[in-house]
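Structure record follows, encoded as structure tokens.
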Amino acid sequence: MTAAGIEFRNVTKRYGGADSPLVVKGIDLVVPKGTLTTILGPSGCGKTTTLRMIAGLDAPTGGRILIDGTDVTTLGPAERNVSMVFQSYALFPHMSVIENVSYGLVVSGVGKDESARRARNAMDSVGLAGYDQRSPSELSGGQQQRVAVARSLVLEPSVMLFDEPLSNLDARLRRSMREEIRALQQRLNLTVAYVTHDQSEALAVSDQIIVMDAGRIAQAGSPRELYEQPASEFVAGFMGEAMLFTGEALADGRVRVGPLHLASNRDVAPGPVKVAVRPEAWQVGPPAPDALAARLVKQAYLGSYVELTLATELGEIFVVSPDVQQRWSPGQALGLRLGARSVSVVAAESGGP
């Protein structure tokens, strides 16, 4: 069994007195040692509060927090061997890059020469060799991000925390920086907790994703599990685009959605269910007796795929198709089928979230 780098046991948090509402509502979570776990959710769901409790910046109201098996619930940030990369980078503008990176070592009493040596090693690991004397104002956003990561790495923490680290970067730089953070985590075998509200970012970097909703954990699992087997309507809708349809679970284990029959991805009692369908799950073809009749309303060509909106008896359906060579015309009659992937039974209709 993989050792836990971070563990929460029935952790709660409220700000204010006993009558104040709980921001975090009795959560249990494990970040295995040497892995990257993303805490994902909408604004106000409790994800940043959870990260701050790992760091020791906020004390839990109840429950226990363990790091590398040691109870750190009552310990302050300096006693936890945890390092945090903030959304704003929080660099000192009057200091050079190497002074920023070595700052934590210097204030901890490490000698000047040793601090400089370790700072250069950390800078090398993030691609900043030769930037010693630059000031933060001379750096691009991506380079400032690397300085913030190096400043955390130099402390050789047990756990690294990232709070929305890419939100200040443009889309192309976000993609390259998330790849760098993931490669660094894997190369150095770091234990990382990473907070974001960006689903694609979470899917790209994570060993595990924890989706939070209103202070509770809605679901935890691998990126593939959360995308392909969401446990609720909330998770299905939050982990990328999904349309929800009312269907019926049949006694033979299949599910009927309109005229379509498909295998259920989970055991469910016969009766009404909600089915989440991703846009890429639909297969577009000519009209057929065993297909859902559809009429093309509009389409958009996006290079590597086409977005289609089709009118059906189930309402308008949004479809993403890789068939960019196909020529469709508005008003054209088509048939829709469903593949096995990206279709999930998320709840019995009477037992929604």
Enumeration of residues in the stretch 304-340 that are part of a loop (DSSP other than H, G, I, E, B), among the charged types (D, E, K, R) and farther than 21 Å from Pro289 by Cβ:
Asp323, Arg327
Considering only residues that are β-branched (Val, Ile, Thr) and either part of a strand (DSSP E or B) or over 15 Å from Ile181 (Cβ atoms) (or both), look in the stretch 191-217 and name the one that is farthest from the chain's Cα centre (by Cα).
Thr191
Looking for whichever is at pLDDT below 90 and assigned by TED's automatic domain parsing to the domain that holds Pro21 here; the options are Asp207, Asp252, Asp198, Asp267. Which one fits?
Asp198
Search result, residues across the stretch 84-126 that are hydroxyl-bearing (Ser, Thr, Tyr) and surrounded by 14 or more Cβ atoms within 10 Å (Cβ to Cβ)
Tyr89, Ser96, Ser102, Tyr103, Ser115, Ser125
Does at least one position in the stretch 49-59 carry a residue that is touching a Lys or Arg at 6+ places or on another chain (Cβ under 6 Å) and among the small types (Gly, Ala, Ser)?
yes
Only one of these conditions is not met by Pro93: (1) modelled with pLDDT of 85 or more; (2) over 24 Å from Lys47 (Cα atoms); (3) part of a helix (DSSP H, G or I). Which number is it?
(3)
Hey, can you tell me all the residues within the stretch 269-293 that are surrounded by fewer than 18 Cβ atoms within 10 Å (Cβ to Cβ), assigned to a loop (DSSP other than H, G, I, E, B) and touching a residue at least 24 places away in the same chain (Cβ under 8 Å)?
Ala269, Pro286, Pro287, Ala288, Asp290
Test result for Asp28, surrounded by fewer than 16 Cβ atoms within 10 Å (Cβ to Cβ), of a type in the set (Asp, Glu), within 20 Å of Val195 (Cβ to Cβ) and not assigned by TED's automatic domain parsing to the domain that holds Gly240
yes
Among the residues of the stretch 56-83, what is the count of those that are outside any loop (DSSP other than H, G, I, E, B) and either closer than 14 Å to Val24 by Cβ or touching a Phe, Trp or Tyr at 6+ places or on another chain (Cβ under 9 Å) (or both)?
5
Could you please give the count of residues in the stretch 151-186 that are in a strand (DSSP E or B) and among the acidic types (Asp, Glu)?
1
Count of the stretch 167-180 residues which are among the aliphatic types (A, V, I, L, M) and at pLDDT 85 or above
0
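The values are calculated or read from the model by the stated rules, or taken from the named source; none is laboratory data. Quick caveat, the model's predicted, so the values are computed rather than measured. Note: ideal-geometry Cβ built from the backbone for every residue, glycine included; neighbour counts use all protein chains shown.
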